[in-house]
1. Enter the accessible area of residue 333 (Å², nearest 10), with the probe set to 1.4 Å and all protein chains included.
2. Give me the one-decimal Kirkwood hydrodynamic radius in Å for the range 61-129, with the sum taken over alpha-carbon pairs.
3. Dividing the alpha-carbon radius of gyration of the range 30-92 by 2.2 N^0.38 Å (N being the number of residues), what value is obtained?
4. Please determine, in degrees from 0 to 90 and to the nearest 10, the orientation of helix 42-54 with respect to the longest principal axis defined by the Cα atoms of the chain, where the helix direction is its Cα long axis.
5. Filter the cross-link list 52/288; 288/349; 129/256 down to pairs whose alpha-carbon distance in this structure exceeds 27 Å.
6. Compute the relative contact order of the chain as a whole-number percentage, counting only Cα pairs closer than 8 Å that sit 6 or more residues apart in sequence.
7. Placing one identical point scatterer on every Cα of the chain and ignoring solvent, what is log10 I(q)/I(0) from the Debye formula at q = 0.06, 0.09 Å⁻¹?
8. Report the local net charge at residue 294: Lys and Arg +1, Asp and Glu -1, summed over other residues whose C-beta lies under 12 Å from its C-beta.
Amino acid sequence: MAAIARSLRRRSSSPSLPAATFFSRFMNTLVLGEHENGFVKPSSLNAVSAAKAIGEDNSVSLLLAGSGPELRDAASRAASSHPSISQVLVADSDVLKHPLAEPWAELVHLVQKKCGYSYIVSASSSFGKNVLPRAAALLDVSPITDVTEILEPRLFIRPIYAGNALCTVRYTGANPCMLTIRPTSFSLPHNADTTSDAASISQVDLSTFTEDTLGKSTWLNNTSQNTERPDLGNANIVVTGGRGLKSAENFKLLEKLAEKLGAAVGATRAAVDAEFVPNDLQVGQTGKIVAPQLYMAFGVSGAIQHLAGMRDSKVIVAINKDADAPIFQVADYGLVADLFKVIPEMLEKIPEK
């Protein structure tokens with residue numbers, strides 16, 4: 001890094017320009033955006049906040065792909081959804097209708113070759129974990145995953161050992177520096193006027209984008225729960241059940257509680273493996289990372305893999321009949337009791353919304 005900085009200083013007109021200042025003055029970042037039903041997902045806007053944290057003078061472009069009216073609606077809304085977005089890039093093609101890794105990675109490779117971004121950032125979601133490593137391989141760079149803090153333009157912090165230790169990583173490779181970030185670690189700006197100064201919207205030239213190398217995976221279908229509950233990754237309140245609920249039928253008690261609280265429902269790996277609930281509700285190291293204002297754990301023992309996915313929650317409440325359960329070590333409030341008595345009593349006393 002020092003050698004690079006010295007070389008850059010010799011070529012610049014300012015001989016005393018520090019390395020960090022040089023990078024901050026000449027940075028531009030591409031954020032890979034997810035959208036659904038005509039709206040950009042909040043996790044992608046968190047990624048924009050992370051991109052801006054790299055440097056105040058960083059120019060941030062948001063890349064959206066897909067086809068049809070939903071893509072156009074998402075692009076129009078994205079232009080005024082975050083004050084740090086300077087440009088929205090739209091890749092409109094039927095090949096990109098579904099977020100498969102192969103076409104998206106080829107798209108990122110194409111855009112990077114044309115625009116030469118300093119950074120490429122994505123949320124550490126299923127989409128980001130699927131696309132970014134493949135794109136990094138095409139660009140022959142090493143990505144840094146699961147970043148929770150940006151100290152300097154090329155210095156990052158990420159958790160290791162299931163969140164029990166924090167690792168400081170300095171990127172010394174070639175551009176682009178590719179990152180996945182934890183959305184819960186980078187908040188959206190408060191009191192920002194996003195209705196003025198909308199970003200420009202530009203079409204990506206896909207004339208050289210072909211389907212010849214994109215046949216390794218095929219989109220089958222999309223299944224989702226028909227529910228009015230908030231999305232698990234962005235909910236302010238999360239109620240989670242573990243193996244202690246014993247059956248899928250008993251999970252319906254938790255769902256009733258979630259409806260009364262306006263909360264999202266989560267589950268442990270053990271509950272998912274036992275087929276109590278679908279795997280998209282899993283919270284933990286191999287599931288979703290959440291950081292709600294209130295996290296309520298029912299029948300959750302507190303395995304280290306689960307704690308890695310929820311330890312950043314603002315307030316943690318644990319209900320377990322085992323007084324020695326590890327979950328109580330991280331809980332702000334704990335109740336040693338039978339959840340099958342606690343949940344019905346809460347349902348009775350909590351008023352309807």
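1. Only protein atoms counted, so the area is about 150 Å².
2. The Cα-based Kirkwood calculation yields 12.8 Å.
3. 1.02
4. 50
5. Working: 52/288 24 Å; 288/349 30 Å; 129/256 32 Å.
Long pairs (Cα-Cα over 27 Å): 288/349; 129/256.
6. On the way: 700 pairs, mean separation 45.4, N = 353.
This gives 13 percent for the chain.
7. Log10 of I(q)/I(0), two decimals: -0.25, -0.56.
8. Taking every other residue near residue 294 into account, the sum is 0.
The values are calculated or read from the model by the stated rules, or taken from the named source; none is laboratory data. Since the structure is predicted, the reported quantities are computational estimates derived from the model, not experimental observations. Because the Cβ atoms are built from the backbone with ideal geometry, glycine has one as well, and the counts that use them run over all protein chains shown. Ligands, DNA and RNA are stripped out before the accessible areas are found, and what is left, the full protein with its side chains, is counted by its heavy atoms. Shrake-Rupley method; radii C 1.70, N 1.55, O 1.52, S 1.80 Å.
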